[in-house]
Every structure is written in structure tokens, then in C-alpha cells.
Protein chains: 2
Amino acid sequence: MKPAGEFELIAQLCKGLQFSRRVIVGPGDDCAVIASARAPLLLTIDSMVEEVHFDLKWLGAPVLGARALAVNLSDIAAMGGMPHTCVVNLGVRSDLPGDLPRRIYVGLKRAARAAGVDIVGGNVTSSRQLTITIALLGDAGPVILRRDAARVGDAIYVTGTLGDAALGWRILAGQMRATTSAGRFLTARYRAPVARLGAGLKLAALKRRAAAIDISDGLLQDLGHILERSETGAVVQLDALPLSPAYRAVAKDHLDFALTGGEDYELLFCLPPDLTDAQLSRHLGVAVRRIGEIRPRREGLNLRGADGRLVRPSHRGGWDQLLSQTATS
Amino acid sequence: MKPAGEFELIAQLCKGLQFSRRVIVGPGDDCAVIASARAPLLLTIDSMVEEVHFDLKWLGAPVLGARALAVNLSDIAAMGGMPHTCVVNLGVRSDLPGDLPRRIYVGLKRAARAAGVDIVGGNVTSSRQLTITIALLGDAGPVILRRDAARVGDAIYVTGTLGDAALGWRILAGQMRATTSAGRFLTARYRAPVARLGAGLKLAALKRRAAAIDISDGLLQDLGHILERSETGAVVQLDALPLSPAYRAVAKDHLDFALTGGEDYELLFCLPPDLTDAQLSRHLGVAVRRIGEIRPRREGLNLRGADGRLVRPSHRGGWDQLLSQTATS
């Protein structure tokens, strides 16, 4: 749900920046990393804009507040860090109910308390769209999970299940239908994503070389960021994608929501392939599934169907039929 | 130019927050202060929204980028700190020229380089209004210039001159007229405010108890924040207000732009009154003018005219005639 080319635009905007020695990781990862006397600091900023990222019809104000923090927490999780401090900028439409900011803060405060984050400052401005922008500060863990740390031969893993939020979003928008229980699960996955903070911390605590990113823009796009920064290719095994029962009930064999849907806020990470899914799931305290392998850059990014046939994604979206055939063939 | 009651709204929103021991100063000051192993960290966020804070007709893109940083730098200056790291969130209208973000960043990067600030991350989102939100991190100086440190008997000082930006803004909006040279000076004061970083640092280096705030919402409103947090009153000597020749040329005897205009980004600070204006100006490397005195809380905030008569401001704005009479009587 980001504007097309946002990643490229930021890269272009930040071109030519020169950094002081304090900067360990600059733009282009989930968070910036800034040296301090003890642990390096992580700093990230993210924004939720009405009509672009959410609709008040779908998200109550407290849920919106919690979600705005979760999206930032997820970036700290993807670096293996521990969030601790945030500041909040609220853009408020004048025609909204007067107690809306307070109700947004109810959810925001609750989520901050649960994550051990201090809300230390705020700013409110008039705006034509309700907008919540949060800058979040955290401490790095023993290892920093950078996007550029993947190496050929690494296994690619994801936490949880993929595509649920994309389906939930479409159900809320009336574009898809689901049974009550599947619909409840999928819309909750969109409304109230849970940042994988514990899993990120435990992954960093393994003290191994690991690359990681949180899946906010869809598996393929976010894996693409890892590949680009690590200068590698990859193959993704389509029948290994972790799908929830509700996903299967609603989307059947269509994998494109899992591949490109976005808003999952699961972790995608790459490690040498000597740990089983079961071992990693136990270590990280969350279901982990191995979905592919890091390959040499020249091979690019490929999807492998159950029959072993390789499919090369040529563009985002629009592969519905192809992928559905591949997965079921 | 902030929505009325923004300060009260933030205070209300942050009510009941409990902080970890890491937080030295939470919401309600220019920056939050967070303990780290070496110097405490300062963290602030501020946003500039099209139609609310600026109009692209009045500010070229590079000037806009520089201004968005200056507004945040000013908050670090008002704590006596040294800024070093920022992240930037850009909300972009789809109908703007495609190279506008890059041009905004030209000014932003130039301003960041000049201030020794690393731009370590960014985010871009679609938006109906062009919006620049910056979160800025800095190190605290040897003394932290808090809003709550004013004591009865302190002298009240301001740097530079007041009200220029408010006049500049009105000239750009076609609401006031000025000669070419006065207009150029006043509009530049609005377009390209200079954060008083050096003065803030040197004020902190005096290692004395000092309260400070940057004047973003107008002298009276920002002094009001000091009085509220310090639980004091004050008297402001109207004929002591530092006014530029251009201000006098355009606004004549009308003091309300200097008192309530906003967007000055000068420093307002309170110190025991044993240093002269000349001594302080030399120490801080900028013109400093003593404009009043901190008084007991029960006296509230009063303005004293040249004739010694006290005027009690009952509300923001609308005192034009009264103040002009008082100042010239």
C-alpha cells in the first residue's frame, strides 16, 4: 500500500549523503543504527495516512493508535532490537469527533505499555487527512539484523503466516467474502498486527550472521530489498509458503495475496540452513517456516512450484492464474 | 499557526503516561530527554503541513526542506543541546511535479550538513497535502534548559528580534505591504528561520539554572508555557521588545506581531538577573535583550507600558489598539 517506487525514491533522495562516524547503518534498512556509548541506537519513522493506509470505517480509533505503533515496532523487531522511546505526530481533520485523538491515544498508550515503550513527546497539527506519524527509538541487540547480510546458500525463513492481512483488508473493503470465523481472523490480522519483537530479539541472541526484514509491502517486494542490499538472488518454494486455514478457506489456491499482499508484519530472515523449522520455532517462540534459499545474484528471484518448475515473477501482481496453476500442478 | 489548544490537547493525550527510568524529561518540553550511557539524548518531532504551515507559492522546495529541519533544530537549541541525527517522513501529493521531493531534499541536506545532522532514514507516503515530518535526535549539553526551571526574580531574555516572520508571512499573503528592502528582510525571516543552536549551546555551557523555550507560537504563548511549567507569573516590558527596523517600518507602533505572531524561532530564556544584555550577547554570540521579569504565580502574566501602567492580556490577538496605545503613551 506504499506508493510505487517509494523505495527507489528514498534511495534517490538520500543519494550523496555523507555520514558522521556515529552512523552505523544509514537509510535503506528497517531502522537507522546510531552508535551510543552502550548499545547502538535504532531509529525509525513510519506514518499511517487516512485513505492511503486505513479507513476509519474499518479501524476504531484505539485500534488505529495501536496499529500505528505496531508498524514501527515491527521495524525494530526486524533489526533484532528492543524498542524503548517514541514521539508521535498527529495530523487531525477538523471535522472529526473532538475526542478522537484521545481515543487514538488510548490504544497507543496500551500498545506502548505492552511493548515497554515510553511516549515522550507529541505534536498535533491540522490536516485534511487523519495522519499518525511515529518515530521510534530502540537499543540494538547483540547482533544487528541488517538487510545486507544474506549470503548464497542461506535458507530463507518467515514467521507466522502470510497474506492474511491482505485478505482481511479486502474483506473489509467488500471485495471478498468469508465465513464469520475466517473473516474475523483475517480482518484481525489486518487491524491488529503483532510486531515480532520477541522473535527478532531471540534471532539476534543467536549471535549468528542473519539478514532480516519485516514484511510490510509483501513477501516478494521485501525479499527483493534483501536481495538488492545483499547482492544475491533467491528461489522461493511456493508449496512451502505458510498459509493460515482461513487464508486457504477464502483464497483457495491463489497465492498472490501471500506473495504480494503486504501488511503482514511477519519477519523474513536468512540464516545458514543448519537449523530445522522446529528448532527455530522453539528458539524464536513463534512458528517459523523455511520457504526458500539465497542463490547467486545472476539467477535473480525465482519461484519454484510443487513440480519443481521455476517461474520468474516479471512484475508485482497479475500472476494470479499462473501462480494458482503452479501451486496446484 | 498551530491549532488552538494544541498544547492542552497534547497534555491531555499524555495524561497518565508512566515512564521508565530512562526518561529524564517526558512530553511538555521542547524535546524529550532520554538517558544514555554518555550524555542524555534529546528527541523531538515536528511537522510542516501544506496550507497549515506553508504555501508552495511562498516557499521554494529547497527552502521548505531547510525550514522543516530548522523548526526541529530550534527545539534542540531551546534545550541547550547538540543535534546529530534525524529521520524524515514525506507525505506527497500525486499532482505535484515529480522532482519536488528531490528538490526538498536539496535544501534539507544542505541544512543538515550545516548543522552537523545525519539524515539516517526516510519514509514517503501518498498524501493530499504536502507534509514534512522530521524526528530529530541530539545530545544534551552540560545543563538541560527545561521549561520548568524559571524562578521568581529571574530576568526574561530573548535573542534577535520578534515578529519579523509574522509580518513576512502577511506580506507574502498580500495582507500587508512593505518597501522592497523591508519586505525582503521580513519574508526571509519567515522563509528561512535560523535555529539559535550556538546560543542554546553557549547558554547551557554557562552551567547555570536557566529555563528556555523557542518562540514558535508567539512570545506570549511560549512565555505562557514557561510560566505554566515553572508555576510562576511574569511581567513583560513592552518598550523593551527587540524590533527590527523593518518591523518598525511596516508595523509602526503595533506590537501584537511581536507579542503573538509566532514563527520567530528565537530563544526565550530566564536567568538570574546578574548579567547585562551586553555580557549575554557576547557570551551567546547573538543579540540578547532583557524584556521582563519572572514574578509570583498569583500575579499572572502582565505587560508593562512605557508609562509603567500594567495591562493584562486577556486573550490572544485582538489587542492591537490597546497595545499600540500602551507602547506609545
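The values are calculated or read from the model by the stated rules, or taken from the named source; none is laboratory data. Fair warning: this is a prediction, and the values are worked out from it, not measured in the lab. In this analysis, Cβ positions are derived from the backbone assuming ideal geometry, glycine residues included, and neighbour counts consider all displayed protein chains.
Points to keep in mind about this one:
- On inspection, B:R146 qualifies as modelled with pLDDT under 95 and within 18 Å of B:A210 (Cβ to Cβ).
- Matching residues, the range B:188-216, being of a type outside the set (G, A, S), surrounded by 22 or more Cβ atoms within 10 Å (Cβ to Cβ) and under 23 Å from B:A251 (Cβ atoms): B:R189, B:Y190, B:P193, B:R196, B:D214, B:I215
- Candidate set: the range A:122-148, residues that are away from chain B (no Cβ under 11 Å) and surrounded by fewer than 21 Cβ atoms within 10 Å (Cβ to Cβ); chosen: the one nearest to A:D29 (Cα to Cα): A:D148
- Spans of strands (runs of 3 or more DSSP E) in the range B:1-60 with at least 3 residues modelled with pLDDT of 75 or more, facing chain A (nearest Cβ under 9 Å) and surrounded by 22 or more Cβ atoms within 10 Å (Cβ to Cβ): B:41-49
- Yes/no for A:R151 being within 11 Å of another protein chain (Cβ to nearest Cβ) and either among the charged types (D, E, K, R) or under 30 Å from A:T232 (Cα atoms) (or both): no
- Residue match in the range A:166-177 (condition: closer than 22 Å to A:F54 by Cβ, of a type in the set (G, A, S) and within 14 Å of the chain's Cα centre (by Cα)): yes
- Cβ-Cβ contacts under 6 Å between residues 6 or more apart (or on different chains), taken from a first residue in the range B:1-22 that is farther than 20 Å from B:L41 by Cβ and charged (D, E, K, R) to a second residue that is outside any loop (DSSP other than H, G, I, E, B) and at pLDDT 70 or above, are listed as B:E6/A:V124.
- Per-region count, the range B:75-108, residues within 13 Å of chain A (Cβ to nearest Cβ) and either of a type in the set (S, T, Y) or assigned to a helix (DSSP H, G or I) (or both): 13
- Residues of the range A:166-176 classified as touching a helix residue (DSSP H, G or I) at 6+ places or on another chain (Cβ under 7 Å) and closer than 16 Å to A:K252 by Cα, total: 5
- Filter pass, B:T159 being more than 30 Å from A:S20 (Cβ to Cβ), in the same structural domain as B:L284 (by TED's automatic domain parsing) and modelled with pLDDT of 95 or more: no
- Note on the range B:264-289: among residues that are charged (D, E, K, R) and more than 14 Å from B:A210 (Cα to Cα), the one that is modelled with the lowest pLDDT is B:D264.
- Condition met for B:D154 (of a type outside the set (F, W, Y), under 30 Å from B:L41 (Cα atoms) and outside the structural domain of B:N89 (by TED's automatic domain parsing)): yes
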